Amino acid sequence: MSEYRVTRRSALGSNALRSERICISALPEGHVIQVMGKEGGPDLGAFLSEKIGGGAKFAVRIAAPFQWYVVGDRALSPEETDTMLDTLHPHAAGVDQSHGRVRFQVEGAMVERLLAKGTGTDVSVEAFPVGHSTMTLIGHIAAHVTRVGEHAFEIMVLRGFAESLWDDCARMAQEFT
Amino acid sequence: MASLVPCPHCGMRPKEEFTIKGAAIARPGSHADANEWMDYVYLRNNPLGTYDEYWHHTSGCRRWLVVTRDTGTHEISASCDVTVAVKTGVAA
Amino acid sequence: MTSYRLDERGLIDRHTKLPFTFDGKHMTGFSGDSLASALLANGQQLVGRSFKYHRPRGILTAGAAEPNALFTVGRGGRTEPNTRATMQELYRDLEAKSQNRWPSLEFDIGSLNSILSPFLSAGFYYKTFMWPSALWEKLYEPLIRRAAGLGTASYERDPDAYEKCWAHCDLLIIGAGPAGLAAALAAGRAKARVIVVDEHAAAGGTLLWETATIGGNLAADFVTQTLEELRSLRNVRVMTRATAFGSYDGNVFGVLERVQKHVPEPVSQKPVERIWRIATKVALLATGTEERPLVFGGNDVPGVMMATAMRAYLNRYGVAPGRRTAIFTTNDSGYVLARDLESAGVNLVAIIDSRAGSTFPYGGKARVLRGAVVTDARGGRLLSSIDVSFGRRSENLKVDSLAMTGGFSPIIHLACHRGGKPRWSDERSAFLAPETTRGIMLAGAADATDGLAGCLANGAARGAAIAQELGFRPFPFEPGIVEGDVPAAPARPLWSIPGVKGKAFVDFQNDVHRKDITLAVKEGYGHVEHAKRYTTNGMATDQGKLSNINAVGLLADARGVAPAAVGTTTFRPFYTPVSFGALTGAHTEGHFQPIRKSPLHEWAKKNGAVFVEAGLWYRSSWFPRRDEATWRQSVDREVRNVRANVGLCDVSMLGKIEICGKDAAEFLNRVYANAFLKLPVGKARYGLMLREDGMIYDDGTTSRLDDGRFFMTTTTAYAAGVMNHLEFCSQALWPELDVRLASVTDQWAQMAIAGPKSRTIVQKIVDEEISNGSFPFLGAKEVSLFGGQLRGRLFRISFSGELAYELAVPAGYGESVADALMEAGSEHGIQPYGVEALSVLRIEKGHVTHNEINGTVVPADLGMGKMVSATKQDFVGKAMVSREGLVSPDRLRLVGVKPVDPRASFRSGSHILTKGAAETLENDQGYVTSSAFSPHVGSTIGLALVRRGPERYGEEVVVWNGLSKEFTPARLCDPLFVDPENEKLHV
Ligand SMILES: [Zn+2]
């Protein structure tokens, strides 16, 4: 069936919710590589940023101790993914999560108030500066949160929960729209 | 029960992000006798005072921690990564 | 109806009139009124009937402690019972109804209880309803419940939204009165992150009715200026209508914000109530004091009111208490009220001061009776007179309103919620906060400070000190000179008033009077916790805010000890009632729990799936066709089609874990009971995971993709648990192993293609050769699909017992690939099948799930004893799995079971009895764990755990369903109902 054209369905489509004080928008399903370093091993942040993150801003995020996500808007071919994973060797093991994690962005003046409805993590800019990442519960769903601007956060969530978390965020945003 | 639990990696987090396994006690070696295993699997102290427990930061960094909690006041006096605890002998 | 509204005075907006109804009566108030002040202004002194004796009751307080003025407010789904009129802001067209009266407030039949009162004394319920116990359910409980007579909740759906929210700060200040505001300014100017919460509609606390001036400004103007400055500070947040209801571990405070309880029509974008969880470094309780009632006869007659409340109604709302007023006081605060009443033109008849030696320089017109007490208040629905006794004389004074003040108790609830015990201070005649409060400090009147100037200074100092302690540079704040204040130093408390004739109430809401307390002591229930339960004092929705201290005092008097020896009952959250709506928050209906969707969800949907919730997942349970009337018809068809042709099932929900690292194989060898060290690359193996106690924890297949890379599947139900467990094993048990774990459940869409024709179809889309020779049973490899468009992982594993494959593709492509398979299979009769058919197929093959692996089962019980490695040095469960009790031949073990008569059926959970045995627990032989109708066998079949099961194949037994009293003759058999030699797997 090589004539059959395989198509890709995105988890959130091109959903967006826009208002003056809050915007929520789906981000491209590009690539997400989970990098697992050696326990007690070196900080691979700089290495990853240079070697596979392409030096892009916020391309490398801390996922957990000795673990990182390398994230980008561009979808990779299997070969490109292989090359990336090979580059990691032997410093770390990599797992392709490009389909398993879905990203969306929440931004606007009320963004901290919105997130505070879901997470017990202090998201004030003093405690959670630009570039900082963490895993936390938003409502009942665990998500990876990165501050990408003074009033902008990126949320990365398991694909199966993406729609549900989106709905929750849209509901939390209601009073600001 | 504590409302906020300090994670050495993530900072203060609500307890909902964690899973508790119970007493942080060392697993017997493979040559341990039946009594040791019975103690490990079934026997627990129930002290009034400080208690070391395994907590998993399930919805956070997914690290297992040893959290030292006062069962009387619920105050948490220490929280460290389990690998650190094993090295320093807290849980081993 | 007469108006009690004064022409001047108050912080109400006289230009905005608000119509409202009370028990259907039309009334009018002003914007800025509370429901209580509006009722009083309308001359509505009678607002309710008491709980037990149905006595007429009036508004007693102006705050959170109100025990009497509890109304049902709103209508339809917005009906809210037990709303305190003192806390409810008036809004246009508010509907309030009184409670606990029948047929009407004015005429209440239940008041006959008053005549029966000798029978309704303390412990009445215990004594009367003890016997016979059979009557409890049918008679006593319904009676008591009906008599309880608080408001009735609505059965209608609540149309409003609620939510929860977190906040973080350096300093949480609870109470925006003088001390709280001063502290907020001091800490806020020092740049600390400050949150101020106040339960009232407006910040200011007592300043809102204070007549003293601060730095030459009116107290109310001081509030306005202070709030302006606080609101200009980015690091300060002031929240009104926000009650701190609980203090929790980690210095987290629960705060209920009433966002839209003061508006006629809440907007749907906002919640009506919001629960804040505020995590703070330090909390400062600037909660003020609670004024104590005095326990004289008839102290509950409408018209009797707390002195501070009377002052609040007078100064804040411009409402006069009556035409002829008296004040009964034990301390100097009574004279401040006297001054304000007289300056407002209220006819003050007398001040009754219990202190013989009082020397307060009162210069007003009213009579001052020193060393005097009010023994009884008289009147029915409204106060008509009071009996005053002084020395040996007594006198009856005609009054329609009476203020009472028995002193002040610091409000320390939140300082005690984490277990601290209040301590009695003789000097202050009050219970003060515990010695150690862990992260909580007190300020102002709550901190036993007297007077406005004192509270302002104390608050400012506390705020500055806390800021400094937290590392901020303090900033001086001088509130200015206070003029016209009368600090009321604590006076000797007056617990027992001599000469009382009528009922003297201690707990207004629960109708506990003085004699109940003394009776409790007499009958041996003098301990404060016993007395509480015996008399129900302090057990109403106000939790004894007014009554507990008097109960303690009276218990102390009756027992002849000091209040310190009596102590207090335990303080627990909530400080005031919190609605279920707020506690539930946003997680209702569609948002009750997250919905987890498979990447094949849309594929299943367009193929007509009926979904079932499995944990958080939505799984396709079957795919009905137009001509099928019942689900069984659909499932039977799907099952037959898999056995005859081929079916496609979404198995994306299986947990999938990638295990990498050079010690990955060794790690698997230790977490599984069977061997994995030598699993070849390109092969899958069934694995059994045990708990340390030897019981089976989970099962699944694990494939070796590479030397140091494995792909594990777990059951859907235990996916999360297994991941936690593996992380525990790698981090806590064997950190020396180089192993790294990644959950890839969501990365892959996984589908089972099962049936004799599956290879033909799968081969159509897989680029590599997958004949039996090149890709035999238990093969596992990465494959190229659709001429290199895609890469997937193909596993030759089977849950149905048929020739079958599981194909995993990146999740986003799942639907497209499933579509292609359906297209490729259409000429071979491919049909989608759901979890119901999957379940039938696996029962027919005797494959187990968590129905069988239910925590009581070891591998040998399932006939898998041989799988457990005898040679591995260690694995989880090794030490315990061969314990004596777990190897006994008498254990329940897996068998098949089918009815003797194929038309008969039985259900899972039914028990097995030996034929002819009586249905007793002793005769229990085991139970059916799974059952289904098998189209292949042509009858119901089941899997069961039965004593010595495998030794009893062929034995006739009885399947006993004790719930529906069914007895089904059945036969035990090999659990392999289809293809017992497993030949189909290897074709
Ligand atoms: Zn953590």
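The values are calculated or read from the model by the stated rules, or taken from the named source; none is laboratory data. These figures come from a predicted structure and were not determined experimentally. Positions of Cβ are backbone-derived with ideal geometry, glycine not excepted, and every protein chain shown enters the neighbour counts. Calculation scope for accessible area: heavy atoms of the full protein, side chains included, ligands and nucleic acids excluded. Shrake-Rupley method; radii C 1.70, N 1.55, O 1.52, S 1.80 Å.
In the calculated pair distance distribution of segment A:30-97, what percentage of Cα-Cα distances lie above 13 Å?
The answer is 58 percent, as a whole percent.
Please list C:82-90, C:174-182, C:762-770, C:560-568 highest first by mean number of surrounding beta-carbon atoms within 10 Å per residue.
C:174-182, C:82-90, C:762-770, C:560-568
As a test of reading the structure, rank A:Val111, C:Val739 by solvent-accessible area (1.4 Å probe, protein chains only), most first.
Largest to smallest exposure gives the sequence C:Val739, A:Val111.
How far is the Cα center of segment C:854-878 from the Cα center of segment A:72-129, in Å?
So the separation of the two Cα centres works out to 40 Å.
Where in segment B:17-56 are there GluC sites (Glu not before Pro) that are in a DSSP coil and have at most 13 other Cβ atoms within 10 angstrom of their Cβ?
Here no loop site has a sparse enough neighbourhood.
Could you name the lysines whose alpha carbon sits less than 19 Å from that of C:Lys365, not counting residues in the same chain fewer than 8 places away?
C:Lys398
If you average the C-alpha positions of segment C:231-256 and of segment C:698-772 separately, how far apart do those two centres end up, in angstrom?
If we compute the Cα centre of each part, the gap is 48 Å.
Whole angstrom only: what separates the Cα centroid of segment C:417-440 from the Cα centroid of segment A:142-177?
Segment C:417-440 and segment A:142-177 have Cα centres spaced 44 Å from each other.
Just flag the chymotrypsin sites (Phe, Trp or Tyr not before Pro) in segment C:883-963 sitting in loop per DSSP whose Cβ has no more than 13 other Cβ atoms within 10 Å.
C:Tyr953
If you scale each eigenvalue of the Cα gyration tensor by 5 and take the root, what three semi-axes come out for segment C:4-119, rounded to whole angstrom and sorted largest first?
The three semi-axes for segment C:4-119 are 27, 15, 12 Å.
Report Rg (one decimal) and Dmax (nearest whole number) for segment C:344-461, counting Cα atoms only, units Å.
Cα only, segment C:344-461: 19.2, 53 Å (Rg, Dmax).
Is the shape of segment C:935-987 rounded, prolate or oblate, going by the alpha carbon gyration tensor and its root eigenvalues a ≥ b ≥ c, with a/c under 1.5 for rounded and a/b larger than b/c for prolate?
In terms of gyration-tensor shape, prolate.
Can you list residues from other chains, or at least 5 along the same chain, whose modelled amide H is less than 5 Å from the amide H of C:Val506?
C:Val512, C:His513, C:Arg514
Label segment C:405-514 by shape, choosing from rounded, prolate and oblate, from the square roots a ≥ b ≥ c of the eigenvalues of the Cα gyration tensor; if a/c is under 1.5 it is rounded, and otherwise prolate applies when a/b is larger than b/c, oblate when it is not.
Verdict is oblate for segment C:405-514.
Students often get this wrong, so check it: of C:Lys606/C:Lys781; B:Lys87/C:Lys872; C:Lys261/C:Lys503; C:Lys605/C:Lys662; C:Lys25/C:Lys532; C:Lys52/C:Lys261, which have C-alpha atoms separated by over 32 Å?
From C:Lys606/C:Lys781; B:Lys87/C:Lys872; C:Lys261/C:Lys503; C:Lys605/C:Lys662; C:Lys25/C:Lys532; C:Lys52/C:Lys261, over 32 Å: C:Lys261/C:Lys503; C:Lys605/C:Lys662; C:Lys25/C:Lys532.
Using θ = phi - 60° and the Karplus form 6.51 cos²θ - 1.76 cosθ + 1.60, what ³J(HN,Hα) does each residue of segment C:759-776 get, whole Hz, x for Gly and Pro?
Rounded to whole hertz, the list is 4, 4, 6, 4, 4, 5, 10, 8, 6, 7, 5, 10, 4, 4, x, 8, 9, x.
Evaluate the relative contact order of segment B:4-87 (contact order divided by residue number), counting alpha-carbon pairs under 8 angstrom at least 6 apart; express in whole percent.
28 percent
Take C:Leu456, C:Leu150, C:Leu778 and sort them by solvent-accessible surface of the protein heavy atoms, 1.4 Å probe, largest at the top.
From most accessible down to least: C:Leu150, C:Leu778, C:Leu456.
Could you give the semi-axes, largest first, of the ellipsoid that matches segment C:496-597, computed as the square roots of 5 times the alpha carbon gyration tensor eigenvalues and rounded to whole Å?
For segment C:496-597, the semi-axes come out at 40, 14, 10 Å.
Amide H to amide H under 5 Å from C:Ser34: which residues, 5+ apart in sequence or cross-chain, H placed 1.01 Å off N in plane?
Distant-sequence amide H within range of C:Ser34: C:Leu90.
What ³J(HN,Hα) values, in whole Hz, does the Karplus curve 6.51 cos²θ - 1.76 cosθ + 1.60 give for segment C:690-704 when θ = phi - 60°, with x put for Gly and Pro?
Rounded to whole hertz, the list is 9, 8, 4, 7, x, 6, 6, 9, 7, 9, x, 10, 10, 10, 9.
Please average, across the residues of A:28-41, the number of beta carbons from any other chain that are within 10 Å of each residue's own beta carbon, and give a whole number.
Taking all residues of A:28-41 together, the mean is 3.
Of the candidates A:Ala142, A:Ala152, A:Ala56, which one comes out as most mobile in a Gaussian network treatment of chain A with C-alpha springs shorter than 10 Å?
Looking only at A:Ala142, A:Ala152, A:Ala56, the largest GNM fluctuation is found for A:Ala56.
On a 0 to 90° scale, report how tilted helix C:631-644 is relative to the longest principal axis of chain C, with both axes built from alpha carbons and the result rounded to the nearest 10.
Approximately 30 degrees, to the nearest ten.
Could you run the Debye sum over the Cα atoms of segment C:575-719, one equal point scatterer each and no solvent, and tell me log10 of I(q)/I(0) at q = 0.18 Å⁻¹, two decimals?
With no solvent term, the Cα-only Debye profile gives -1.07.
In square angstrom, what is the accessible area per residue of chain C with a 1.4 angstrom probe?
39 Å²
Is there a simple number for the mean count of other chain Cβ atoms within 10 Å of the Cβ of residues in A:109-120, and what is it?
Per residue, the number of nearby Cβ atoms from other chains is 4 on average.
Can you pull out the GluC sites (Glu not before Pro) in segment A:87-177 whose DSSP state is coil and whose Cβ has at most 13 other Cβ atoms within 10 Å?
A:Glu126, A:Glu150
In terms of modelled amide H atoms, which long-range or inter-chain residues lie less than 5 Å from the amide H of C:Val957?
The answer is C:Ala970, C:Arg971, C:Leu972.
Cα axis of helix A:78-88 to longest principal axis of chain A: angle in degrees, 0 to 90, nearest 10?
The helix A:78-88 is inclined about 80 degrees to chain A.
With +1 assigned to the C-beta of every Lys and Arg and -1 to the C-beta of every Asp and Glu, and no other charges, what is the dipole magnitude of the protein assembly as shown about the Cα centre in debye, to the nearest 20?
Using Cβ point charges on Lys, Arg, Asp and Glu, the protein assembly as shown gives about 2620 debye.
Starting from the coordinates of the alpha-carbon atoms of segment B:4-87, obtain the Kirkwood hydrodynamic radius over all distinct pairs and give the value in Å to one decimal.
That comes to 13.6 Å for segment B:4-87.
Using the Karplus curve 6.51 cos²θ - 1.76 cosθ + 1.60 with θ = phi - 60°, what ³J(HN,Hα) values do you get for each residue of segment A:44-58, in whole Hz, with x for Gly and Pro?
3J(HN,Hα) across segment A:44-58, in whole Hz: 9, x, 5, 4, 5, 4, 6, 7, 10, x, x, x, 5, 4, 6.
Compute the long axis of helix C:452-469 from its Cα atoms, compare it with the longest principal axis of the Cα atoms of chain C, and write down the angle in degrees, 0 to 90, nearest 10.
The angle comes out near 30 degrees.
Within 10 Å, count the other beta carbons around each residue, average over each peptide in C:14-22, C:780-788, C:804-812, and list them highest first.
Ranked from most to least packed, the peptides come out as C:804-812, C:780-788, C:14-22.
State the three equivalent ellipsoid semi-axes of the protein assembly as shown, derived from the C-alpha gyration tensor as the square roots of 5 times its eigenvalues, in descending order and whole Å.
67, 36, 29
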